[in-house]
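Here the structure is laid out as structure tokens; the discussion comes afterwards.
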Amino acid sequence: MTTEESIRGDIVEVGRRLYSRGFVASNDGNISVRLDDRRIMTTPKSVSKGYMTPDMMVIVDYAGNKLAGERDPSSELKMHLAVYEDRPDVKAVVHAHPPIATAFAVAGIPLDRAVLAEVITTLGCIPIADYATPSTAELPAAVKRYIKAHDGLLLANHGALTCGKEVLGAYYKMETVEHFAQISFIARMLGGERLISRDEVTRLQGLRGMYGIASPAEICADPAGAGAAAGECQVIQSPVTDGPRLVHETALRRSPSGDEEIRLTYRELTALIEDAVKALR
Ligand SMILES: [Zn+2]
């Protein structure tokens, strides 16, 4: 049974692991858990995540107002609230600044190549949410553009965010993001990744169900197949590597008329329409 006390202990443990693995420096990073439909438990601000105690946690409502706890929540809590709002299936969110993944986020390079089976089956492609000033309302808005379809995001010039059904699960995804970034970086030093074939990507996608992975973090599907019709990410031939590449962002290609055509996934199109409607309000 998951009690509030055990959740406090799990958050302390995740903080310890984030700090000991160098995924955060100083007082960086934050962790939160959905307790029920009214309350969220989260880490306090201005505390090293490696040295927290269970009593330090803060309980807030879904508007970010403090309900209990001696300390105040992190100013980055808004980003967590945005995830809970858009993902009813998510029970925990972890935000950190793991150095290699953050370097990809700083360089503007998404982790979107089909190279590791475990990444394809757990996270799919890992896009970069646009840069936004930390702690402002811009950051939750940037996260909202992608979080409906992804369990792991890079945050441009900032760090990474992962979510899951429980806090250790969300943390393990952060480990996977950083591990994937390290391997991708070294592989590029060694001359570049050899990508997994399109058929294998499709097969791996099928394995997700076997592993009980029902998150909406889409694995990219064949553009000519059902995936495109269902509005999932798409696999295109990468001009650089001539292999399949997981595409989650706007893909540009030449149409028969020679005009540049913007191709969007269904979710991206929905996000753009939502943005436009909001702007009209
Ligand atoms: Zn941060």
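Taking the stretch 87-108 as the region of interest, how many residues are away from the ligand (no atom under 13 Å from the Cβ), outside any helix (DSSP H, G or I) and within 18 Å of residue 130 (Cα to Cα)?
Residues meeting the conditions: 1.
Taking residue 26 as the residue in question, decide whether it is at positive phi, of a type outside the set (A, V, I, L, M, F, W, C) and within 16 Å of the ligand (Cβ to nearest atom).
So residue 26 fits the description; yes.
What residue, among those in the stretch 12-23 that are out of contact with any Gly (no Cβ under 7 Å at 6 or more places or on another chain) and over 13 Å from residue 175 (Cβ atoms), is surrounded by the fewest Cβ atoms within 10 Å (Cβ to Cβ)?
In this case the residue turns out to be 13.
Can you pull out every residue in the stretch 109-132 that is away from the ligand (no atom under 13 Å from the Cβ) and not hydrophobic (A, V, I, L, M, F, W, C)?
Within the stretch 109-132, 110, 112, 113, 118, 121, 122, 124, 127, 130 meet the criteria.
Please work out if residue 74 is within 16 Å of the ligand (Cβ to nearest atom), within 27 Å of residue 150 (Cβ to Cβ) and out of contact with any Gly (no Cβ under 8 Å at 6 or more places or on another chain).
yes
Can you spot a residue in the stretch 30-52 that is within 14 Å of the ligand (Cβ to nearest atom), closer than 17 Å to residue 166 by Cβ and part of a helix (DSSP H, G or I)?
no
Tell me, which residue of the stretch 133-164 that is of a type in the set (Gly, Ala, Ser) and touching a strand residue (DSSP E or B) at 6+ places or on another chain (Cβ under 8 Å) is nearest to the ligand (Cβ to nearest atom)?
159
Tell me the residue from 119, 115 that is surrounded by 24 or more Cβ atoms within 10 Å (Cβ to Cβ), of a type in the set (A, V, I, L, M, F, W, C) and more than 14 Å from residue 80 (Cβ to Cβ), please.
Testing whether each residue is surrounded by 24 or more Cβ atoms within 10 Å (Cβ to Cβ), of a type in the set (A, V, I, L, M, F, W, C) and more than 14 Å from residue 80 (Cβ to Cβ) leaves just 119.
If we keep just the residues of the stretch 67-86 that are surrounded by fewer than 19 Cβ atoms within 10 Å (Cβ to Cβ) and part of a loop (DSSP other than H, G, I, E, B), which is modelled with the lowest pLDDT?
Residue satisfying both the conditions and the ranking: 75.
Collect the residues in the stretch 76-119 that are under 23 Å from residue 179 (Cα atoms) and among the acidic types (Asp, Glu), keeping them in residue-number order.
Matches in the stretch 76-119: 112, 118.
Which one of the conditions (1) within 16 Å of the ligand (Cβ to nearest atom); (2) free of Cβ contacts under 8 Å to residues at least 60 places away in the same chain does residue 12 fail to meet, given that it meets all the rest?
(1)
The values are calculated or read from the model by the stated rules, or taken from the named source; none is laboratory data. All figures in this text were calculated on a predicted structure; none of them were measured in a lab. Cβ coordinates were reconstructed from backbone atoms using ideal geometry, including for glycine residues, and neighbour counts include every protein chain displayed.
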